Amino acid sequence: MQMNLQGQTVAVFGAARGIGRAIADIFHEEQCCVLGFDLTPPDSTSSPMDYAFFAGDVTSSSDLKAFADKAVAVDHVVFCVGIGSGSFGFPFWNVSPDAWARVLNVNLIGAAQVAHALAPHMAKRGSGSFLFFTSVAGQIGSQTDPPYSASKAGLINFMQCVAKDLAPHGVRANAIAPGMVKTDLNRSVWQWGQQRLPEPQRVDYETWAAEKIKKVSPLGQWQDPAEFASMAIYLASHHARNITGQTINIDGGWVMHS
Ligand SMILES: NC(=O)c1ccc[n+]([C@@H]2O[C@H](COP(=O)([O-])OP(=O)(O)OC[C@H]3O[C@@H](n4cnc5c(N)ncnc54)[C@H](O)[C@@H]3O)[C@@H](O)[C@H]2O)c1
């Protein structure tokens, strides 16, 4: 299937690592002009990023304004930034109320700030798409990291608002909800849990990961960043011209609304 995205401009937020990196790479392979945005550039051990990179923070309106001034011709925006609180629930009052602000600020308000900075350009151009990365956690009231879950639920809701507001301007908005992907973000959940176990009960990441995926996913498989990248180019392409306001779960069947 031809995506026909050649020559289009794509802004990827959270482009240095994990899923965002795979997405920036696939748009580059599709011969798009990729503008990557992240707190820090990718580390030197990963493959070189041969597209434009901007160091910035999605919670900084001045960083986003500087980026938007350079990205006036953007066609597609992918928001792949996400952080956890660094502490976990079970029950939720194990997480300090002070942990909420930073997570909501990055995951939800950061996404809103990106949309504020870039939507006016896109509405004026009359075409394009937004893609926001949410999570299964945002659909099931996950107890693991309550501020994270709430931020992802809020992001689904905001994506629908973006989709409605931009539809008359020919711009679409969707969300992808991953289940479990072996990135730094996921590793931090394992690390946190292990630190709290007595030494003899601790297991390595791969052992923990194998057990965990069996418990939560009907298909019993981890997702790979490349799977999200394929969906991202499809959603940006003309093949998805009637898809807007949707949350697409790529989660091995973890979340089923029946
Ligand atoms: N990994 C999973 O299992 C999983 C599951 C569900 C949802 N997700 C979501 O998918 C998206 C990508 O996750 P990932 O696993 O690739 O995460 P990751 O931690 O590997 O990458 C996230 C990137 O965002 C960047 N970032 C963090 N804060 C930022 C800020 N304030 N400004 C700019 N950049 C910032 C980081 O530097 C990093 O490069 C996130 O929204 C995450 O919540 C991931």
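Scanning region 70-88 for residues that are more than 14 Å from the chain's Cα centre (by Cα), open to solvent by less than 20 Å² (accessible area, probe 1.4 Å) and within 16 Å of the ligand (Cβ to nearest atom), which turns out farthest from P147 (Cα to Cα)? Here the residue is A71.
Sub-6 Å Cβ pairs linking a first residue in region 210-232 that is open to solvent by 50 Å² or more (accessible area, probe 1.4 Å) to a second residue that is away from the ligand (no atom under 12 Å from the Cβ), at least 6 apart or interchain, are K214/G220; P218/G253; L219/G253, ordered by first then second residue.
Residue pairs whose Cβ atoms lie under 7 Å apart, separated by 6 or more positions or on different chains, with the first residue in region 108-136 and within 10 Å of the ligand (Cβ to nearest atom) and the second assigned to a helix (DSSP H, G or I) and among the charged types (D, E, K, R), are T134/K152; S135/K152. Give the residue, chosen from G245, G179, G193, that is at positive phi and either more than 10 Å from the ligand (Cβ to nearest atom) or open to solvent by less than 40 Å² (accessible area, probe 1.4 Å) (or both). Unique residue meeting the criteria: G245.
Regarding F37, is this residue within 13 Å of the ligand (Cβ to nearest atom) and either open to solvent by 60 Å² or more (accessible area, probe 1.4 Å) or modelled with pLDDT of 95 or more (or both)? Yes, satisfied.
Looking for something free of Cβ contacts under 8 Å to residues at least 60 places away in the same chain, within 15 Å of the ligand (Cβ to nearest atom) and either open to solvent by 20 Å² or more (accessible area, probe 1.4 Å) or not acidic (D, E) (or both) - is there at least one such residue anywhere in region 1-15? The answer is no; no qualifying residue exists. For first residues located in region 79-96 and assigned by TED's automatic domain parsing to the domain that holds V58 and farther than 20 Å from A111 by Cβ, partners that are open to solvent by less than 30 Å² (accessible area, probe 1.4 Å) and part of a helix (DSSP H, G or I) and lie 6+ apart or on another chain with Cβ distances below 7 Å form the pairs S87/A99; G89/P146; F92/P146; V95/P146; V95/P147.
The values are calculated or read from the model by the stated rules, or taken from the named source; none is laboratory data. Only a predicted model underlies this, so the values are computations on that prediction, with no experimental measurement involved. Methodologically, a virtual Cβ is constructed for each residue, glycine included, from the backbone with ideal geometry; neighbour enumeration extends over all protein chains shown. The accessibility values were calculated without ligands, DNA or RNA, using every heavy atom of the protein model including side chains. Shrake-Rupley method; radii C 1.70, N 1.55, O 1.52, S 1.80 Å.
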